[in-house]
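Written below as structure tokens is the structure these notes are about.
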Amino acid sequence: MASNSTQCSKNPSREVGIAGAGRVGRSLGKLLNERGQKVVAVASRNRARAEAAAAFIGREVQAVAYTDLPSTVDKILIAVSDDSIGRIANTLAEAGLTEGTVLHTSGIYGTDVLAPLIAQGNSCAGLHPLQTIATPQQGVQKLPSATFTIVGSGRAAEWAEKIVNLLHGKILRIAPGRKSTYHAAAVIASNYIVSLIDAAVLVMGAAGVDPKAARRALAPLVQASVQNALAERPVKALTGPIQRGDIQTLALHLQGLALVPASIQQLYRAVGIQTVQLARKQGLDSAVARQLEHLLRRSK
Ligand SMILES: NC(=O)c1ccc[n+]([C@@H]2O[C@H](COP(=O)([O-])OP(=O)(O)OC[C@H]3O[C@@H](n4cnc5c(N)ncnc54)[C@H](OP(=O)(O)O)[C@@H]3O)[C@@H](O)[C@H]2O)c1
């Protein structure tokens, strides 16, 4: 991308650049721009993507290359795939970013991933939205009032807090050095629920129900289960054969699941074992719990 056609004048105190033209970059960029944090540039490896992101974020936003950002802004929000954050940090450092303020939006990393930038006097922090953003439009809807985790300190952490306040969000504090554990919890609560619903639709398919009808039929069940589990402690929300100790029902499920791929059978067994732990907390008889666990752990 030719930097001379897209160069913006640098205003260190106010202007923001977004590194990454994906879902979080676009949605957070648009929200910041609308809420007084003027975004002047968005960078991508691909001009068409950068231009589409710039158009999404706001009228005066320039599409640039990653290497253009240091000469354009000194506040940068890095919203690239987790595995490429280190590479982009290197690129920005090599392109001369010093004394800047940099945030990344990853749930898995602390500030170490931005080491090349820290070494050049940049203040760095992480700002992770604890929300799922499937499209930029959905991000614009869901990020206001979302919960965010901040790691790091100094100017960058202050900027992160300011962004959370602008979005009327909440800040979640986690124990130092526990980001990967925290992020595993987020993945269980979000991605794994999606996979569980997909598995339920596939199993319904094996029972002769088409996917659309299955999704419609399962929706009230899924919604009520999630609502009940979150309204009080999950242990109070648990119902079903494991909670009741219906050993024969569980054995019949395992037979019925012979019709579906092994990965779904394993999923049923693994979540079932955790469900037995929950049922034990609800008072399930230990001998029954052991029999249920034995069934779930037996391969055939
Ligand atoms: N989506 C979510 O639900 C969500 C929620 C919370 C946090 N996050 C975090 O936000 C960050 C961005 O996630 P996202 O969902 O917005 O990702 P995305 O939509 O897949 O976009 C990722 C961006 O990374 C850029 N990128 C730069 N170098 C790359 C490389 N070598 N390989 C692959 N991509 C590269 C791509 O930009 P170009 O190809 O345009 O250069 C792409 O636009 C991640 O750290 C993620 O963990 C995501």
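The values are calculated or read from the model by the stated rules, or taken from the named source; none is laboratory data. It should be emphasised that the depicted structure is a prediction, and the values quoted were computed from it without experimental measurement. Cβ sites come from the backbone with ideal geometry, for glycine too, and all protein chains shown count toward neighbours.
Inspect the range 212-224 for any residue being among the β-branched types (V, I, T) and over 19 Å from Q274 (Cα atoms) and give the result as yes or no.
no
Filter the range 94-108 for residues that are surrounded by fewer than 19 Cβ atoms within 10 Å (Cβ to Cβ) and of a type in the set (S, T, Y) and give the result.
T98
State whether one or more residues within the range 246-253 are surrounded by 13 or more Cβ atoms within 10 Å (Cβ to Cβ), more than 25 Å from the chain's Cα centre (by Cα) and not in a helix (DSSP H, G or I).
For the range 246-253, residues surrounded by 13 or more Cβ atoms within 10 Å (Cβ to Cβ), more than 25 Å from the chain's Cα centre (by Cα) and not in a helix (DSSP H, G or I): present.
Among the residues of the range 141-149, is there at least one that is in contact with a Gly (Cβ under 9 Å, 6 or more places away or on another chain), assigned by TED's automatic domain parsing to the domain that holds L32, under 20 Å from L69 (Cα atoms) and within 14 Å of the ligand (Cβ to nearest atom)?
Taking every residue of the range 141-149 in turn, none turns out to be in contact with a Gly (Cβ under 9 Å, 6 or more places away or on another chain), assigned by TED's automatic domain parsing to the domain that holds L32, under 20 Å from L69 (Cα atoms) and within 14 Å of the ligand (Cβ to nearest atom).
Taking the range 73-107 only, how many residues are in a loop (DSSP other than H, G, I, E, B) and near the ligand (Cβ under 7 Å from one of its atoms)?
Here the count works out to 6.
Any idea which of I163, I133 is more than 17 Å from the chain's Cα centre (by Cα) and either within 18 Å of I57 (Cβ to Cβ) or within 13 Å of the ligand (Cβ to nearest atom) (or both)?
I163
Mind checking which pairs have a first residue in the range 78-97 that is of a type in the set (D, E) and a second that is within 11 Å of the ligand (Cβ to nearest atom), Cβ under 7 Å, 6 or more apart or different chains?
D82/S106; D82/I108; D82/Y109
Which residue, of V209, V203, V151, is touching a residue at least 24 places away in the same chain (Cβ under 8 Å) and more than 24 Å from the chain's Cα centre (by Cα)?
When all the criteria are applied, what remains is V203.
Out of everything in the range 20-56 that is free of Cβ contacts under 8 Å to residues at least 24 places away in the same chain and among the charged types (D, E, K, R), what residue ends up being nearest to the ligand (Cβ to nearest atom)?
Within the range 20-56, the match that is nearest to the ligand (Cβ to nearest atom) is R45.
With over 29 Å from D285 (Cα atoms), modelled with pLDDT of 95 or more and surrounded by 14 or more Cβ atoms within 10 Å (Cβ to Cβ) as the only criterion, which of L218, L238 stands out?
Only one candidate passes the filter, namely L218.
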